[in-house]
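Worksheet for the structure shown next.
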Amino acid sequence: MIHLADAAATDALGHRLAAALRVFDRGIVISLRGELGAGKTALARAILRGLGHEGRVVSPSYTLVEPYTLGARTLFHLDLYRLGDPEELEFLGIREIDTGRDWVFIEWAERGAGFLPPLDLEIRLGYAGSARQVEFCALTPIGEELGAALDFAR
């Protein structure tokens, strides 16, 4: 469990994840799990900044999917909170994402069950008083590989 005392700590964790992704030579599907306001979008924004994205980073609450081109890869940020039916993901081109190359971060992944690619890693964010706590759960060998690059034990 990692304790995040403030927004700066969330940014630092996002930059740490970005550094691991930069040397991670494959795609990955990550669930950002937590209650409303737990910091899922803030962490995604920090990761994108850490990967060098200088443009605006918006919450995909209404668009459901925001793609960010980062060199030869694309990071897809999905927020499925407002998803009416998982079948809507078909119309958004979810099956066209190359999960072997690209990075996919999904908020509220449980709402897209049956239509999303398999999750490799779950990042659980929760409240700890006025701070946050984060827990990582590898779900596949790919998730374990990224976890080893991050050294979650630190």
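Among the residues of this structure, Leu64 counts as one that is at positive phi, within 14 Å of the chain's Cα centre (by Cα) and hydrophobic (A, V, I, L, M, F, W, C).
Specify the residue that is surrounded by the most Cβ atoms within 10 Å (Cβ to Cβ); the eligible residues are those in segment 139-154 that are of a type in the set (Asp, Glu) and free of Cβ contacts under 8 Å to residues at least 40 places away in the same chain. So that I can check it myself, show each step before the final result.
As a first pass, look at segment 139-154 and keep what is of a type in the set (Asp, Glu): 144-145, 151.
Pick out the ones that are also free of Cβ contacts under 8 Å to residues at least 40 places away in the same chain and you get 144, 151.
Numbers: Glu144: 13, Asp151: 9.
Checking each candidate, the answer is Glu144.
Counting the residues of segment 14-29 that are open to solvent by 50 Å² or more (accessible area, probe 1.4 Å) and either in contact (Cβ under 8 Å) with a residue 12 or more places away in the chain or of a type in the set (Phe, Trp, Tyr) (or both) gives 5.
The values are calculated or read from the model by the stated rules, or taken from the named source; none is laboratory data. Note that this is a predicted model, so its numbers are computed, not measured. In this analysis, Cβ positions are derived from the backbone assuming ideal geometry, glycine residues included, and neighbour counts consider all displayed protein chains. Accessible surface is based on the protein model in full, side chains and every heavy atom, while ligands, DNA and RNA are left aside. Shrake-Rupley method; radii C 1.70, N 1.55, O 1.52, S 1.80 Å.
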